[in-house]
Each structure stands twice: as C-alpha cells, then as structure tokens.
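Just below is one structure, and these are the notes that go with it.
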Amino acid sequence: MSALEVALQGMAGTLSIDVSFRAAATPLLLVGPNGAGKTQTLMMILGAARPRRGRVTLDGAPLFDDERGLDLPVEQRRIGFVPQRYALFPHLDVLSNVGYGIAAPSRAERRRMARALLRELDAESLAERRPAELSGGETQRVALARALASRPRALLLDEPLAALDVSLRRDMRRFLAERLRAWALPTVVVTHDRADAEALEERWWCSRPARSSSAGGSPSSPRSRRPRSSNSSSRAPTGRRTPRANRQSLARTVARANAGGWTR
C-alpha cells in the first residue's frame, strides 16, 4: 500500500516542530489553531523548507534523510500541493493552469488531458476562464486539478476550504471528501477548523502552538475518532492579504511542485 511516512524536527520562527505520522490511502488531517506550525510541516514534507533532522519516505523511498545527507528538491518528490489560497497562475486560463503539470508529446494532447481532469472535477465549463473570473469553489476545483495533473504519488492540501464562505464550505467539504476517497492517494490535509475534520471523517492529528503532539496519544498514532467541535475553531477566515514577496515565493513553490514533465 502506498504510504507517506514523516518523522521530522524543525522550526517555524520561534516555534519548535516535532512531528511523526503516517498517511496512506485515507487522508490524515492536521488540525490546530493558526500559528501551530501546520503549514511549515507541509513545507518540510514538500521540500520547500529544510527540517533540522528527521526522515520522510514515500512508498518506501526516502525523500529526506538528514543522517544520509539526502534532501530531494521539490520537483523530484512528486507530491502534489494545493496552498491556502490556491495560487493559480493569473496570466493563464484554467486549461493552461491545469495543463502546466502535464507531460505530453504535444500541446494538443496536453490540453486534451487537462480537459479530462477538469471534467472529472465537474469543472470543464471553466476551461477558458482566467482565475480572476472564478468563484471560490471553482478556484478550489481548478487548483486540485492542477495538483493532480502531474500524477503525484501524494497530496498536501493546506487549508483547502478556508478561503470559501461558510455556505459554500459545507458543499465543498462533501465534494472534497468524496474525491479524496476515490483517489486513494496518501494525503495530508491541514485545517484550523475541526468541522472540516468531522466532515472528512478520517484520522486526525492535533498540533498546538509551542509544540506539536497527537490528540491524546503518541504522535505516530493519530486517533480515528472525531474531534470535538468548538466555537473558536469554526471562525471564518480574516481575509488578510499575503505580502507580495510571500505570494511570489509561494507561486514558485507551487510551480516546482506541480511542474509535471517540465522539470523532471
């Protein structure tokens, strides 16, 4: 069975991160408040941030191993990545955004395969639009299609529902849960909203500021039960804008992770 195994120590600013878990055919939810180091954990798995020590393996093959001095670059790890605000390429239409991650012998074949992916995600009608013309739910589907286009061996989803309004989020939780079960890829989903974890109904793992630990058990053994809901964890996103330099850095990371045959 395909599996992503993680045992890492690192830093997110002054926050010390120490994580150990295994994601296989069912998604693993990293649940915790903002500032708990969840996104930095994804960046270390992806290869966009270097851990202090540890090991990451995918299907038994090492991606990072500090003892062996091994640290594969982002584009060689074959991990699909969807960041918090999706980071679609604004100068490309939807079809070209998805086609960016496809290795094909011709432009026509790449576009045919991109359209088929959009069709799978009920988004084919969006093919000619630009990202600025999409709703939140439409943007999410396109970002998922782009991440899948490079045929990744695992998926990392960073707050995939946080940019959506409350009414749309309920429908997209159901949509995302169905698709993740169908794809059966090792998937790590980050969220600060425990209602997302309840809707996805998969294993969950809780991280807290100043340290990271499993919810009521050892870090390597995520619980299967649902987490309790709380009013404070279900607040809508604040809508703060990401600084331009951070957006550019994120765009480069997304391009490397979802590059398909262009850089591999």
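The values are calculated or read from the model by the stated rules, or taken from the named source; none is laboratory data. Source: prediction; values computed, not measured. As a convention, Cβ positions derive from the backbone with ideal geometry for all residues, glycine included, and neighbour counts pool all protein chains shown. Protein only, heavy atoms only, side chains kept; ligands, DNA and RNA dropped before computing areas. Shrake-Rupley method; radii C 1.70, N 1.55, O 1.52, S 1.80 Å.
Summary table below
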quantity: Percent accessible area from carbon and sulfur atoms, the range 20-157, protein chains only, probe 1.4 Å; calculated: 46
quantity: Residues ARG174 and LEU70, FRET efficiency given R0 of 30 Å [Cβ-Cβ distance, rounded to 0.05]; calculated: 0.15
quantity: FRET efficiency, ALA104 to VAL166 (Cβ-Cβ, R0 51 Å, nearest 0.05); calculated: 0.85
quantity: Environment charge at LEU63 (Cβ cut-off 11 Å; Lys +1, Arg +1, Asp -1, Glu -1); calculated: 0
quantity: Residues in the range 142-185 reached by a label modelled at LEU92 [backbone nitrogen below 11 Å; 7 Å Cα→Cβ]; calculated: 146-147, 149-150
quantity: Only Lys, Arg (+1) and Asp, Glu (-1) charged, at Cβ; the range 7-100 dipole about Cα centre in debye; calculated: 160
quantity: Note, ³J(HN,Hα) from phi for the range 176-186, Karplus 6.51, -1.76, 1.60, rounded to Hz, x at Gly and Pro; calculated: 5, 4, 5, 5, 5, 5, 5, 6, 6, 8, x
quantity: Amide H contacts of ILE17 (H built 1.01 Å from N, under 5 Å, at least 5 apart or other chain); calculated: GLY10, MET11, ALA12
quantity: Cα gyration tensor shape for the range 52-99, rounded if a/c is under 1.5, else prolate or oblate; calculated: prolate
quantity: Those trypsin sites (Lys or Arg not before Pro) in the range 60-103 that DSSP places in a loop and that have at most 10 other beta carbons within 10 Å; calculated: ARG68
quantity: Accessible area of the range 90-195 divided out per residue, in Å², using a probe of 1.4 angstrom; calculated: 41
quantity: Simple Cβ-charge dipole of the range 40-84, Lys/Arg +1 and Asp/Glu -1, about Cα centre, in debye nearest 20; calculated: 100
